[in-house]
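Any read-out appearing in this document is the output of simple, stated calculations on the displayed coordinates, not a laboratory observation. What you see is a predicted model; the values in this text were computed from it and never measured. Using ideal geometry, Cβ is built from the backbone for each residue, glycine included, and neighbour counts are taken over all protein chains shown.
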Amino acid sequence: MSDAALTETMAEIFARHRGREGPMLPILHSVMEAFGHIPEAAVPLIADDLNIGRAEVHGVISFYHDFRKEPVGRHVLKICRAEACQAVGGAALSQAVLDKLGLDWGGTTPDGRVTVEPVYCLGLCACGPAAMVDDRVIGRADETTIEEALA
Amino acid sequence: MKVYVPRDSAAKALGADAVASAIAYGAEARGIDVTVIRTGSRGMVWLEPLVEVERDGVRHGYGPMTPADVPALLDGTLDGLGPVEEIPFFARQTRLTFARCGVIDPLDLDAYAAHGGLVGLRRAIAMTGQQIVDEVKDSGLRGRGGAGFPTGIKWQTVHDAPADQKYIVCNADEGDSGTFADRMIMEGDPFTLIEGMAIAGLAVGATRGYVYLRSEYPDAITVMQEALRIGRARGLLGADVLGSGRAFDMEIRVGAGAYVCGEETSLLNSMEGKRGVVRAKPPLPAIEGFLGRPTVVNNVISLATVPVIFERGAQHYADFGLGRSRGTMPVQIAGNVKRGGLFETAFGLPLGELVEDVAGGTASGRPVKAVQVGGPLGAYMPPETFETPFAYEEFDGQGGLIGHAGVVVFDDTADMLQMARFAMEFCAVESCGKCTPCRIGAVRGVETIDRIAEGDAAAKDLLVDLCDTMTDGSLCALGGLTPYPVLSAMRNYPEDFARSKEAAE
């Protein structure tokens, strides 16, 4: 992506959130939506727009699990690690899926197809183990249903 | 023929969308007139996707449904569950906050009004701010997010604080494992939350509201945003709320995957665009909250319960409950259970009745070993404590907490040392890092539990000592309450912590 294209997209994002009280998180979510991650070059632009230091922007980005500095796979698979899912075999499922993909938490397959991330509760605690592929939720997940969702 | 199919994300996670399309497709193929209405969930998650067919004004349930069952459903030959509201799990409940959830299309404002919606707000419009606050005090409503602080007292503080701008902030960062009541009400009856926030705004003189909604709930975000749009178009929100001449509008703010942002001060920092670190109290958010202005921060269920209190009167609500726990609580039964879901009931039902009778014991059929109540910061309670009535003070007396009323059941295959380790690991991952006992303590906690697992019995005293430090020295509930699951696991399941060196090797 060219610098000009980035600047243009960012300007559009800033305009969209102008006048909001506490615009930082809405801006970062919009950047994630536009680019799939937060490009390094966007950080000084955000700092300028909000009239704060780059370090402050970096501090916010690095605090939250959702904001990533690096691009991720075409699909993001989140598997719940929390207690209710553990009570119904969530840990074994996570391990099996990670082993099958040859990944650790946070890893992306070499072909760029899928990134696997842990999540702590999807609110599907009465039908665990729970998983989510992009924005699609899966209840009573097993290796087969997860593989189907990734296909 | 009217057919109801939930659009709740638990139902979708179990295939409700495919069932809904199969019904529409099957009806067209048969040339029969079928109206499919997408609703919230009734909360009987083990029956999802639970399809309901209305016959002579009574809704009959079928579930769990698969697309393969649809032809028989449309031909009238499918075995059903009978009238949905007569299913024992549902019939035993007292549905006040969740009265409409699963019944109506969540985005149909007319259906909302036809089922008692907006009555409370209209009544509140005719009252003064102080009268509204008094009504909430009289209802005995306490914060449903976990702390159980009296909602009316909080509102009073904000009401009395002078400011040119005040805020209502709804904490919808429902990160506790085993809880999904906030998600269900936002997906199944969003207008009740909007109405509750509008009443709160009228009470304290706040014209702006925010819902801080976790990003892990994409379906809830979609429904809430659409509900706000409809509410604005229909005059429920805006410069002139239902013709009252008073303004209230609100916005959804999406979280970014930090559990600690469910803590109210870190939530406020996050909304202001900062790292979600905890603020020291005082000042209370009620005095200096969002952007330093007086702010009501309430949980989704607290706010969503306000409309029914105004619809039926504070006394009606307060007549339910036990001791100082008034009204009802939507208990969320999860984990290894036969019948999991949301069960709204008056406070006071013994824990064991919820686990054994309502939920039917474990799904695996094995004996119940532990029940964690109140999310990842709640104590692990053994069957010996099942007499404990479900209420704030009663759980406190057992060294536990009801929190947001999640009940997670484990069978006898659970390794409680591993669960204690997970509690510390989770605290280490999610700590905001502001205070040392939580930031460092959680990491040391994992290491200490690993030592116990390797047969170092002396590490147990060290763990207790560490937990005491975290309890006494942490700024917020994350570091302060992580010792609950850890110490309760060690206290109630000593056999899981008695590992010999040989066995470890």
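Exposure proxy for B:TRP46, B:TRP155: other Cβ atoms within 10 Å of each Cβ, ordered fewest to most, give B:TRP46, B:TRP155.
With point charges of +1 on the Cβ of Lys and Arg and -1 on the Cβ of Asp and Glu, referenced to the Cα centre of the protein assembly as shown, which listed residue (B:VAL58, B:GLY243, B:CYS438) lies farthest in the positive direction of the dipole? Projecting each Cα onto the dipole axis, the largest value belongs to B:GLY243. Put in line by how crowded their Cβ is, counting other Cβ atoms within 10 Å and starting with the fewest, A:HIS37, B:HIS159 read A:HIS37, B:HIS159.
Here the extension length gained between B:ILE153 and B:THR77 equals 21.8 nm, from 0.36 nm per residue of separation less the Cα-Cα distance. Stretching the chain fully between B:ASP396 and B:ALA126 yields a gain of 93.3 nm (0.36 nm per residue, less the alpha carbon separation). The 3J(HN,Hα) values that the Karplus relation (6.51, -1.76, 1.60; θ = phi - 60°) gives for region B:211-220 are, in residue order, 10, 8, 10, 5, 6, 6, 10, x, 5, 5 Hz. Gly and Pro appear as x. Bridge orientation summary for the protein assembly as shown: considering DSSP beta bridges with both residues in this region, about 55 percent are antiparallel. Membrane-span-like helices of chain A, defined as complete DSSP H segments with a Cα extent of 15 Å or more along the helix axis and a mean Kyte hydropathy of at least 1.0, are identified as A:24-35. Summing charges over all other residues whose Cβ lies under 9 Å from the Cβ of B:ALA453, with Lys and Arg as +1 and Asp and Glu as -1, gives 0.
For B:LYS166, the lysines whose Cα comes closer than 16 Å to its Cα, not counting residues fewer than 8 places off in the same chain, are B:LYS154. By the helix-only formula, in which each DSSP H run with n ≥ 4 contributes -39500 (n - 2.57) and the sum is divided by residues, chain B has a 222 nm mean residue ellipticity of -11500 deg cm²/dmol.
Close amide-amide hydrogen proximity is noted between A:GLU117 and A:LEU77, A:LYS78, A:ILE79, A:GLY106, each under 5 Å apart and 5 or more residues distant or on a separate chain (H modeled in the peptide plane; Pro and chain starts excluded).
The simple spin-label model puts a point 7 Å past each Cα toward its Cβ; for A:GLU143 and A:GLU70 those points are separated by 2.7 nm. For the protein assembly as shown, A:CYS121, A:CYS125, A:CYS127, B:CYS101, B:CYS170, B:CYS261, B:CYS427, B:CYS432, B:CYS435, B:CYS438, B:CYS467, B:CYS476 have no disulfide-compatible partner, since no other Cys C-beta lies under 4.7 Å from theirs.
Net charge of the neighbourhood of B:ARG444, taken over other residues with C-beta under 15 Å away and scored Lys/Arg +1, Asp/Glu -1, is -3.
Just to confirm my numbers, what's the Cα centroid distance between region B:16-53 and region B:422-486 in Å? When both Cα centres are located, 47 Å separates them. Remark: mean inter-chain Cβ contacts per residue of A:126-139 equal 6, using a 10 Å Cβ-Cβ cutoff to other protein chain atoms. Database remark: amide H of B:TYR210 closer than 5 angstrom to the amide H of B:ILE168, B:VAL169, B:CYS170, B:GLU251 (H placed geometrically; neighbours at sequence offset of 5 or more, or on other chains; Pro and chain starts carry no H). Where a ≥ b ≥ c are the square roots of the eigenvalues of the C-alpha gyration tensor, would you call the protein assembly as shown rounded, which needs a/c under 1.5, or, failing that, prolate if a/b is larger than b/c, or oblate? Since a/c stays below 1.5, the shape of the protein assembly as shown is classed as rounded. Applying 0.36 nm per residue to the separation of B:HIS60 and B:ASP415 and subtracting their alpha-carbon distance, the gain on full extension is 123.7 nm. Phi angles across region B:459-470 convert, under the Karplus curve 6.51 cos²θ - 1.76 cosθ + 1.60 with θ = phi - 60°, into 3J(HN,Hα) values of 5, 5, 5, 4, 5, 4, 4, 4, 5, 4, 4, 5 Hz, Gly and Pro given as x. Take each peptide in B:35-44, B:351-360, count the other Cβ atoms within 10 Å of every residue, and average; sorted highest first, the result is B:35-44, B:351-360.
Counting only other chain Cβ atoms within 10 Å of each residue's Cβ, the peptide B:268-276 averages 6. Round to the nearest 0.05 the FRET efficiency obtained for B:ASP472 and B:ASP138 when R0 = 22 Å and r is the Cβ-Cβ distance. Using R0 = 22 Å, I get an efficiency of 0.05. Place a +1 charge on the Cβ of each Lys and Arg in chain B and a -1 charge on the Cβ of each Asp and Glu, then give the dipole magnitude about the Cα centre in debye, rounded to the nearest 20. Charge dipole of chain B: 1320 debye, to the nearest 20. May I ask for the distance between the Cα centers of region B:96-148 and region A:65-137, given as a whole number of Å? Taking the Cα centre of each part, region B:96-148 and region A:65-137 sit 37 Å apart. Here region B:64-94 and region B:342-381 have alpha carbon centers that stand 25 Å from each other. Neighbouring Cβ atoms from other chains, within 10 Å of the Cβ of residues in A:84-95, number 6 on average. When only Cα pairs below 8 angstrom with a gap of at least 6 residues are kept, chain B shows a relative contact order of 14 percent. Look at the alpha carbon pairs under 8 Å that are at least 6 residues apart: their mean separation over the length of region B:2-91 gives a relative contact order of 31 percent. Legend: calculated FRET efficiency, B:ARG324 to B:ARG229, from the Cβ-Cβ distance at R0 = 45 Å, rounded to 0.05, equals 0.70. The modelled label-to-label distance for the pair A:GLN95/A:ARG136, using points 7 Å beyond Cα in the direction of Cβ, is 2.8 nm. Put simply, the amide H of B:ALA370, placed in the peptide plane, has neighbours under 5 Å in B:PHE410, leaving out anything fewer than 5 places away on its chain. The value of relative contact order for region A:3-63, using C-alpha pairs under 8 Å at least six residues apart, is 28 percent.
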